[in-house]
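Here is the structure we will look at, set down as structure tokens.
The values are calculated or read from the model by the stated rules, or taken from the named source; none is laboratory data. What you are looking at is a predicted structure, and each value in this text was computed from that prediction instead of being measured. In this analysis, Cβ positions are derived from the backbone assuming ideal geometry, glycine residues included, and neighbour counts consider all displayed protein chains. For the accessible areas, the whole protein counts, side chains as well, though only heavy atoms, and no ligand, DNA or RNA atoms are used. Shrake-Rupley method; radii C 1.70, N 1.55, O 1.52, S 1.80 Å.
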Amino acid sequence: MKAVYIKEHGGVDVLEYGDLPEPNPSPVQVKIRVRACGINRLDVFTRAGVRGMRMDLTNPHILGGDVAGEVVGIGSEVKHVKLGDRVVVNPRITCGQCRYCISGAQELCVSPIGLGSTVNGGYAEYVCVPSVNTVSLPEGLSYEEAAALPTVFMPSWNMLIRRANLQPWETVLVLSASSGVGSAAIQVAKNVIGSTVIATTSSQEKADKATALGADRVIVYSKEDIKSRVKEFTNGRGVDVVVDHVGSDFWPAASASLAPGGRYGICGVTSGYTAELQMGMLFIRNQTVFGVFMGRQEELRQIVELVSRGTMRGVVDQTFPLQQASEAHKAMESLGFFGKLILTIP
């Protein structure tokens, strides 16, 4: 099969396009003919071998977790997936046996596997995944849009609906609206919950796109001060929830923008891991800081259902053929896009 893989860590030049053996499904897996695969920041970290993603590359490794395609092979124990099914994949593969998986809290699994990060992923014509990690796609939902969903909508859903319990009368601050998570969080907060959404981004062009997605107010942080604008927009009160997938760069302004009783959710640290926490203010103002990493399988099914109804949509900025994966990684590192970058495999 054709695939894009790495045999060493480094820059975009280590991405190789060539032939690798086709995988065969285990008894509990399905084999998917990949039609689209989303590009994520984790792919860049894994390729470069940074942020804890250095691997033993004894064998070529295939990146890519956000896979959409059709089922072309079924393991002997698979019961509820059929040949020809159009599916999207939850890239977080859990053990199904620890106390958390058994209780339904799969996001807390003690021994998870990451599709494309710890096992071969979707930068290829074929990939094998556990059948339980697939969600059926309606005919009207394209593979490209489906591949733009899992890694950005699942943490947004988990954070806003389940963990922060955001309410329709509350206000949320979404940092970096142009990212995949940012564009997803705006839609979950506005279209699903009905909250007031304040977003941040780096340019007026991106601000206009964030407004079109549903943001009520957008702060262009290259020209405006986040803390003072949030205070202005909320009559000095601050926001009830913060969605932060950026990390240390925005922490000082965003944490200072949190209202009494506010909840600060973190699902990414692309700009840095550490920040200074004012613990006294945290307990005096009854605030909460928490983290989420992806979500639950049922949440992906609910996301697909709402996307199929038109309540939300996967935001695709640009698509690239598989053999141009290096160009897609360059685009990811340039930060000049809005939404998701997608590889397509015809």
Please list, ordered by first then second residue, the pairs with beta carbon atoms under 7 Å, 6 or more apart or interchain, first in region 137-162 and over 29 Å from residue 263 (Cα atoms), second in a loop (DSSP other than H, G, I, E, B). 145/313; 145/314; 146/137; 146/314
Single unsatisfied condition, residue 100 versus (1) aromatic (Phe, Trp, Tyr); (2) more than 21 Å from the chain's Cα centre (by Cα); (3) open to solvent by less than 50 Å² (accessible area, probe 1.4 Å): (3)
Residues 275, 325, 254: which one is in contact (Cβ under 8 Å) with a residue 40 or more places away in the chain and either open to solvent by 60 Å² or more (accessible area, probe 1.4 Å) or in contact with a Phe, Trp or Tyr (Cβ under 7 Å, 6 or more places away or on another chain) (or both)? 325
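Looking for whichever is part of a loop (DSSP other than H, G, I, E, B), open to solvent by less than 20 Å² (accessible area, probe 1.4 Å) and not polar (S, T, N, Q) here; the options are 64, 52. Which one fits? Break it down into steps so the answer makes sense when it comes.
Numbers: 52 fails: open to solvent by less than 20 Å² (accessible area, probe 1.4 Å).
Of the residues listed, the single one that is part of a loop (DSSP other than H, G, I, E, B), open to solvent by less than 20 Å² (accessible area, probe 1.4 Å) and not polar (S, T, N, Q) is 64.
State all residues of region 308-330 that are among the charged types (D, E, K, R) and in a helix (DSSP H, G or I); if no residue qualifies, say none. Spell out how you get there, then give the answer.
Step one: list which residues in region 308-330 are among the charged types (D, E, K, R), which gives 309, 313, 317, 327, 330.
Across region 308-330, the qualifying residues are 309, 327, 330.
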Go through region 115-139 and count every residue that is assigned to a strand (DSSP E or B) and more than 23 Å from residue 319 (Cβ to Cβ). 3
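What residue, of 333, 305, is modelled with pLDDT under 95, exposed (fewer than 15 other Cβ atoms within 10 Å of the Cβ), not in a strand (DSSP E or B) and not aromatic (Phe, Trp, Tyr)?
That would be 333, the only listed residue that is modelled with pLDDT under 95, exposed (fewer than 15 other Cβ atoms within 10 Å of the Cβ), not in a strand (DSSP E or B) and not aromatic (Phe, Trp, Tyr).
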Looking at (1) surrounded by 17 or more Cβ atoms within 10 Å (Cβ to Cβ); (2) closer than 26 Å to residue 3 by Cα; (3) out of contact with any helix residue (DSSP H, G or I) (no Cβ under 6 Å at 6 or more places or on another chain), find the lone condition where residue 346 falls short. (1)
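Test residue 242 against the criterion of being among the aliphatic types (A, V, I, L, M), in contact with a Phe, Trp or Tyr (Cβ under 7 Å, 6 or more places away or on another chain) and either at pLDDT below 95 or within 22 Å of residue 312 (Cα to Cα) (or both), and give yes or no. Before the answer, list the steps.
Numbers: among the aliphatic types (A, V, I, L, M): yes; in contact with a Phe, Trp or Tyr (Cβ under 7 Å, 6 or more places away or on another chain): yes; either at pLDDT below 95 or within 22 Å of residue 312 (Cα to Cα) (or both): yes.
Yes, satisfied.
Of all the strands (runs of 3 or more DSSP E) wholly in region 140-248, which have at least 3 residues that are more than 30 Å from residue 84 (Cβ to Cβ) and open to solvent by less than 20 Å² (accessible area, probe 1.4 Å)?
On the way: elements: 171-174, 196-201, 217-220, 239-244.
Answer list for region 140-248: 171-174, 196-201, 239-244.
Determine, yes or no, whether residue 92 is out of contact with any His (no Cβ under 7 Å at 6 or more places or on another chain), surrounded by 15 or more Cβ atoms within 10 Å (Cβ to Cβ) and of a type in the set (Lys, Arg).
On the way: out of contact with any His (no Cβ under 7 Å at 6 or more places or on another chain): yes; surrounded by 15 or more Cβ atoms within 10 Å (Cβ to Cβ): yes; of a type in the set (Lys, Arg): yes.
Answer is yes for this residue.
Here's the yes/no breakdown for (1) without any contact (Cβ under 8 Å) to a residue 60 or more places away in the chain; (2) of a type in the set (Val, Ile, Thr); (3) part of a loop (DSSP other than H, G, I, E, B):
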position: 10; (1), (2), (3): yes, no, yes
position: 21; (1), (2), (3): yes, no, yes
position: 25; (1), (2), (3): no, no, yes
position: 30; (1), (2), (3): no, yes, no
position: 36; (1), (2), (3): no, no, no
Given (1) surrounded by fewer than 17 Cβ atoms within 10 Å (Cβ to Cβ); (2) under 15 Å from the mean Cα position of the chain (by Cα), number of the condition residue 117 does not satisfy: (1)
Just give me the residues in region 278-292 being open to solvent by 50 Å² or more (accessible area, probe 1.4 Å) and part of a loop (DSSP other than H, G, I, E, B), in sequence order. 278, 285, 286
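Filter region 3-45 down to the residues that are of a type in the set (Val, Ile, Thr) and crowded, with 22+ Cβ neighbours inside 10 Å, then identify the one that is nearest to residue 81 (Cα to Cα).
As a first pass, look at region 3-45 and keep what is of a type in the set (Val, Ile, Thr): 4, 6, 12, 14, 28, 30, 32, 34, 39, 44.
Filter once more, keeping what is crowded, with 22+ Cβ neighbours inside 10 Å: 4, 30, 32, 34, 39.
On the way: 4: 27, 30: 8, 32: 11, 34: 16, 39: 26 Å.
Residue satisfying both the conditions and the ranking: 30.
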